[in-house]
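Accompanying notes for the structure given below.
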Amino acid sequence: MRVLVIDVGGTHVKILATGEQVHREFASGPSLTARAMVSRVKRLARGWEYDAVSIGYPGPVLRNRPVAEPHNLGRGWMGFDFERAFGRPTKVVNDAAMQALGGYRRGKMLFLGLGTGLGSTLIVDGIVEPMELGHLPYRKRTFEDYVGIRGLKRLGKKKWRRAVFDVVERLAAALEPDEVVLGGGNVSLLKALPPGCREGDNANAFKGGFRMWRGRTRKAKGARG
């Protein structure tokens, strides 16, 4: 099966199809609607052949449809029928879950994505449990407000790095994973990784999108993807 993988982020939308070696992308941002994303992806993917679509969405998902509007994009995402829009079988999951799936090896793994916000997913023995840890209270704000892009801009790199170490330590203590995988565009800003962590590969989101159609993992019963 040939799959088109779409990684929707707060600053860029990246796509890759089965058999292709180089991804394509375009800028996203607060004005990008779901319908506009589909239209631009279709144009960008011209010349690629694909039978199915995988979408990583920056927010909670239930039954292949977003159940909340994204914090960093436009409106019109909640309940949008991507399968009908693309005209092909489509699976939609939380973007952190898709990237986590691409980096999963075994056992109990906590994925934390350091990007526009804080993505989070727990995988236990192949069962994927997307989470929204970034919006939980932390100090005077939320985890995302400290280790996401807003925290980086407000705190500066030095204090941001300390916040990342503290957040990882707290979440790892609470969830007790075998390992923590740090991904996202800002992980490269860390001078060193927190104890018990490994860095996820930038290609893991695409790898996870391809894996979604191979039946190698399952979502937790009732989980929002």
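The values are calculated or read from the model by the stated rules, or taken from the named source; none is laboratory data. Small disclaimer: the values here were computed from a predicted structure and weren't measured. Note that each Cβ is placed from the backbone with ideal geometry, even for glycine, and that neighbours are counted across all protein chains shown. What goes into the accessible areas is simple: the full protein's heavy atoms, side chains included, and nothing from ligands, DNA or RNA. Shrake-Rupley method; radii C 1.70, N 1.55, O 1.52, S 1.80 Å.
For the reader, a short list of remarks on this structure follows.
- Beta carbons closer than 6 Å, at least 6 apart along the sequence or on distinct chains, pair a first residue in the stretch 10-31 that is more than 25 Å from E144 (Cβ to Cβ) with a second that is assigned to a loop (DSSP other than H, G, I, E, B) and open to solvent by 60 Å² or more (accessible area, probe 1.4 Å) for L16/H23; T18/R2.
- For the stretch 54-68, the set of residues classified as assigned to a strand (DSSP E or B), in contact (Cβ under 8 Å) with a residue 40 or more places away in the chain and surrounded by 23 or more Cβ atoms within 10 Å (Cβ to Cβ) consists of S54, I55, G56, Y57, V61, listed by residue number.
- Taking the listed residues D51, D81, D95, the one that is open to solvent by 10 Å² or more (accessible area, probe 1.4 Å), within 24 Å of L133 (Cβ to Cβ) and among the charged types (D, E, K, R) is D95, with no other qualifying.
- Hits in the stretch 110-141 (condition: open to solvent by 30 Å² or more (accessible area, probe 1.4 Å) and either in contact with a helix residue (DSSP H, G or I) (Cβ under 8 Å, 6 or more places away or on another chain) or on the phi < 0 side of the Ramachandran plot (or both)): T116, V124, I127, E129, M131, E132, H135, L136, P137, R139, K140, R141
- Any hit, the stretch 155-167, residues being out of contact with any His (no Cβ under 9 Å at 6 or more places or on another chain), in contact (Cβ under 8 Å) with a residue 12 or more places away in the chain, open to solvent by 60 Å² or more (accessible area, probe 1.4 Å) and not aliphatic (A, V, I, L, M): yes
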